[in-house]
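Let me begin by presenting the structure, written as structure tokens, before commenting on it.
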Amino acid sequence: MNKNLPYSFTVPSSWYDGLFKDEGGLVKASRPFTLLHGEKSKKAVLLIHGFTGYPGELVRPGEDLYDAGFDVFVPRLPGHGTTGKDFMKSKKEDWIGLMENALKDIEKEYDEVSVVGHSMGGAIASILLSRHSEIKRGVLCCPGIELSSINDKLIKTISFLSKFVKRMKQKWQSDDRYHMHYEDAPADDAYLGSEYWSYVYPKQIISLTEIAKEAKAGLGKIKSPVLIIGAEKDVLTNPDSVFTIAKAIGGKAEALMVKDATHYIYYDISKEAEDKAVEATVSFLSK
């Protein structure tokens, strides 16, 4: 994180009106943030993090987009980045609703607004693009539209379990090979891991699959130019789906597969892969 940049760790509280209100506090990694130019830019970008993710995952593309002349907005999805108890009370309507509110508000202030989404955030960005043809451009990075880690049989099992359990323990271990760009890394990663990634949340996974389904159904309605970025070593979403998604969107869509990249491409193990994904994002939105 470049402390010389004009970070503000807040977004308008009105964006959360009518949505689930978190009770837990925020660690530094999970704070929403904006990067705004002193002389307001004419173009803005809304960045959307993923399922059980947090705004700090998007520091690198946020900073590079700011340097390219964009005003940058990175909200925190309700239920994310606080506690597992908060997460269990949040759902897809809260996550999509926040981004609808944010987009509506930002569009009042800027001539051009683009969207960037990572993982589930990519699916949410896709939904926004299918609903709002006025969005200038979109980048869907490792979009959670075709979830290779969740099949129909697993969905049925999870749906059944959701009637009886709110969360189930699973093994999680931090991996210090990733380049974490936010302040207080990697301490916050350990805390968030203990609250989120050490458990399976059945009802929230159902919300994730419903978002993926809605995003996939709306691909043909997208009119804005879109770049879909895939990661060669992605095990959470189907890497080759970038090409089927681009085909479903049609003529204004481009697909890029990044060699040696994992699902966490914006702060990846491979610095070269991370650089390529971020540079492609900035270049595409700057056209």
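Where a number appears in this text, it was derived from the coordinates with a stated rule and is not lab data. None of the values given here were measured: they were computed from a predicted structure. Neighbour counts are summed over all protein chains in view; Cβ atoms, including those assigned to glycine, are modelled from backbone coordinates with ideal geometry.
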Sort 197, 172 so the one with the fewest other Cβ atoms within 10 Å of its own Cβ comes first.
172, 197
Amide H within-cut-off set for residue 254, under 5 Å, with H built and near neighbours excluded
226, 227, 228
Gaussian network model of the chain, springs between alpha carbon atoms under 10 Å - residue of 79, 38, 144 with greatest fluctuation:
38
Between residue 165 and residue 283, the two model label points (7 Å from Cα along the beta-carbon direction) sit apart by a distance in nm of 4.6
The range 82-118 to the range 27-59: how many Å between their Cα centroids?
11
Can you give me the Cα centroid spacing of the range 226-287 and the range 139-178 in angstrom?
21
Once you've got the Cα coordinates, tell me which of 28/287; 3/28; 169/233; 21/156 are over 21 Å apart.
28/287; 169/233; 21/156
Largest fluctuation, 151, 101, 238 only, Gaussian network model of the chain with Cα springs under 10 angstrom, belongs to 151
